[in-house]
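Report on one structure; see the data block that follows.
Throughout, read-outs are computed from the coordinates displayed, never taken from laboratory work. Everything quoted here is computed from the prediction, not taken from an experiment. Cβ placement follows ideal geometry from the backbone for every residue including glycine, while neighbour counts extend to all protein chains displayed.
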Amino acid sequence: MSINTLKTAALLGFLTAILLIGGQAIAGRQGLYMALAITAIMNFVSYFFSEKIALMSYSAQPVTETQNAEAYRRVAPMVGDLCQRMGLPMPKLWLIPDDSPNAFATGRNPSHASLAFTAGLLRLMADNELQGVVAHELGHVLHRDILISSVAAMVAGTITFLARMAFWFGGSRDDEDRGSPVAAIAMMILAPIAAMLIQMAISRSREFDADAASAKYVGSPYPLIGGLQKLESWSKQIPMDASPSTAHMFIIKPFSGQSVMRLFSTHPSTEERIARLQAAR
């Protein structure tokens, strides 16, 4: 069993614990039973459908020989060549109709993987830079990061949503079974922080590993370095309307935080990533 499989199991276990504790805090025994039902559904959905949910949330369109054919002709040979070098099956390709340049990989394993990229990425990147970005995302597939990344998006979104719902369901009508309003407020405040910490712990180290994979299989770190430099500059000029629960999936954070929010950043700084790539060349 791989380390990322264990991490995924631990993540789903953490989601279960948060929901059960939060459900009882918000609505007593009734909330606990409701949380049990929710966790059973969410664990199933997280494993089998988190990929589709992530793609649907960005209106991703299939990239095939007949659909988005121009993007297919440019990207498919590049992806196929890199997959052959990495010993991976060909992932499904998707186009996100957004001008902000970015990309992510998702799916539950290499045989059920998807690679999504924005229209802005295709317009901005030279072929060698695009190859570096694609190799980075396939590095996530190779390292089996994609399941835990997809599940993390579901976990973070679920925790944050239920924490907000705590204000509406602060206790049951049965005095004997009533949840604590103080606990409900604490849940609302602390749960989103817990969700961000989950994402931070998952994403930071895996970005360095995927960067290293890109340099290894492309044969040079410089295509990815050039791609990261463009992404850093243009993603700020053309912001992307991305959900905080899925921001960790992208190659570069699609929106910028300030001050204390940087403590919860799901990505290392682009400067640090480039420095590591240059040092390892």
> When M249, M34, M90 are ordered from fewest to most other Cβ atoms inside 10 Å of their Cβ, what list results?
Replying inline: M90, M34, M249
>> So, R0 is 30 Å and r is the distance between the beta-carbons of K216 and I41; what FRET efficiency does that work out to, to 0.05?
In response: 0.15
> With each label point set 7 Å from Cα along the Cα-Cβ vector, what nm distance links T66 and M90?
Replying inline: 1.5 nm
> Once amide H atoms are placed 1.01 Å from N in the peptide plane, what residues at a sequence separation of 5 or more from A113, or on another chain, have their amide H within under 5 Å of its amide H?
Replying inline: K92
> Near K52, which lysines are there with a Cα under 23 Å away, not counting those fewer than 8 places off in the same chain?
Replying inline: K7, K92, K253
>> If amide hydrogens are placed 1.01 Å from N in the peptide plane, which non-local residues have theirs closer than 5 Å to the one on I96?
In response: Q61, F117, T118, A119
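Could you work out the local net charge near H136, counting Lys and Arg as +1, Asp and Glu as -1, over the other residues with Cβ closer than 12 Å to its Cβ?
That sum, taken over residues with Cβ under 12 Å, equals -3.
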>> Please list, in order, the residues from the range 215-230 whose amide nitrogen is less than 18 Å from a point placed 7 Å along the Cα→Cβ vector of A126.
In response: 215, 218-230
> Can you work out ³J(HN,Hα) from phi for every residue in the range 222-239, in order, using Karplus 6.51 cos²θ - 1.76 cosθ + 1.60 and θ = phi - 60°, giving whole Hz and x for Gly and Pro?
Replying inline: 5, x, 5, 4, x, x, 5, 4, 5, 4, 4, 6, 7, 5, 7, 6, 10, x
>> Tell me the net charge near A210. Cut-off is 9 Å between Cβ atoms, A210 excluded, with +1 for each Lys or Arg and -1 for each Asp or Glu.
In response: -4
